[in-house]
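The values are calculated or read from the model by the stated rules, or taken from the named source; none is laboratory data. Keep in mind that this is a model prediction, so the values were computed, not measured. Backbone-built Cβ (ideal geometry, glycine too); neighbour counts: all protein chains shown. The area values use the complete protein model at the heavy-atom level, side chains included, leaving out ligands, DNA and RNA. Shrake-Rupley method; radii C 1.70, N 1.55, O 1.52, S 1.80 Å.
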Amino acid sequence: MSGGAPSGAAPTPEPWLQRVRALDVEVAFRAALAAVLPLAILVSLGRTDWSAYAAFGAMTAIFGRGEVYRMRARTVGVAGLGLVASVAAGTAIAAFAAPAAAEAIGALGLAVVLVGGTLLVQVFRLGPPTTLFFVFGLMVTAAVPTPADEYGIRVGLAATSAVFAWLLSMSGWVLRRAAAARGIRPFKDLARDLAVRPAALVDGRVWIQIAQLCAASAIVWVVADLLDLGHPYWALVSAVAAIPPPGAAHTISRAWHRVIGTVGGVVITFLLLWPDPPVQVLVLVIGLAQFGAEILVGRHYGAALLVITPLALVVSHLGNPGPVEPLLVDRLVDTVLGAAAGVLLVLAAMGLDRVRARRA
């Protein structure tokens, strides 16, 4: 009697297919395509100055990893709305705020995004469970000079890109059915199916995280202003990234991973940008970096930053070309500042945890 799977049993996947499934290439492909296609269209139109808006809308595709489709439709849609709202707020500050009031309005907008974004993430159980992308979208677009008459088209571009990313995220339903009809299973099984959690609105752990985020951002904002740093939003993003989600163990390793990974990523970015490649090559780099980021981010945060950093810097350079060296130096300095602020708040939380444990 020959070996193999019993009659009627699902065939055992080939070893190479098992390895592909383990890498979660589905989310990586859709995130890369969501980023590349809108950027390629902008390049063909000669409007690379609008790249940031398309890129932030495309970030919608990074949400919904491992979710069944009824949950994914909701969470990816909510994430897309959050990203577009953040871009709309940041673009409004850039287009309409008086210069004397722009900084104060930006600080107020940041506070709203930190509170509202964190509650959105926790109530709708978004994954990745962070408000980092909303903060990034707000601060970057607020820093881009924007003619008032282009407000609608720039926000509309972000919204269009987000809708495209949502459709890509849901396209896996069709692909999975087609693969199943042929007796193959090239994608990871979907297991995440969580209900909306309104109780997060009154969860003390969520509000502790919000307090940490606001405190770290305030520290970064003041220090960056005093030092007159370029691209201070990177410091804010680094601070937000260092704060763990509610219920997670407080650890400083994520901040160290961010600093070390960013240093390596800056070196890689210099090697990419130094030859001054054409924009078509930069778009390809963005797609490859987005793919690599989605493969690595769940495995090792520091390794993921080796491609996330070039992704962020190349998008920034594409939208606002300029000297490469100052851009890279700003990224390093701002990352160290933001990570330091995040570590300070994490250490404070660890100290409070120890005090509570002794009193218990």
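Worth pointing out:
- For the chain, the relative contact order works out to 23 percent when only alpha carbon pairs closer than 8 Å and six or more residues apart are counted.
- Förster-model FRET efficiency, 41 Å R0, ALA191 and LEU81, C-beta, rounded to 0.05: 0.95
- Accessible area ranking (1.4 Å probe, heavy atoms, ligands and nucleic acids excluded), largest first, for HIS257, HIS300: HIS300, HIS257.
- The simple spin-label model puts a point 7 Å past each Cα toward its Cβ; for ARG177 and ARG359 those points are separated by 5.7 nm.
- Dipole size of the chain about its Cα centre, with +1 on Lys/Arg Cβ and -1 on Asp/Glu Cβ: approximately 1620 debye, rounded to the nearest 20.
- Rounded if a/c under 1.5, otherwise prolate or oblate - the stretch 89-210, Cα gyration tensor axes: oblate
- Label zone at CYS214, where the point sits 7 Å out along the Cα-to-Cβ direction: the stretch 106-138 residues whose backbone N lies under 15 Å: 107-120
- Equivalent-ellipsoid semi-axes for the stretch 208-322 (Cα gyration tensor, √(5λ), whole Å, largest first): 27, 19, 11.
- Legend: helices of the chain (whole DSSP H runs) are marked when their alpha-carbon atoms reach 24 angstrom or more along the helix axis and their mean Kyte-Doolittle hydropathy is at least 1.6; marked are 25-45, 99-123, 279-296, 301-319.
- Förster-model FRET efficiency, 51 Å R0, ALA199 and VAL223, C-beta, rounded to 0.05: 0.90
- Cα gyration tensor shape for the stretch 38-92, rounded if a/c is under 1.5, else prolate or oblate: oblate
- The label-point distance for LEU167 and ALA100, in a model that sets each label 7 Å from Cα toward Cβ, rounds to 4.7 nm.
- The stretch 39-60 residues near the modelled GLU150 label - backbone nitrogen below 13 Å, point 7 Å along Cα→Cβ: 46-54
- Each peptide in 37-44, 55-62, 306-313, 95-102 was scored by the mean count of other Cβ atoms within 10 Å over its residues; highest first, the order is 55-62, 306-313, 37-44, 95-102.
- In terms of its C-alpha gyration tensor, the stretch 66-128 comes out prolate, because a/c is 1.5 or above and the ratio a/b outweighs b/c.
- Point-to-point label distance, ASP276-ALA348, nm (Cα→Cβ direction, 7 Å offset): 4.6 nm
- Alpha carbon centroid spacing (whole Å) that separates the stretch 262-327 from the stretch 213-249: 21 Å
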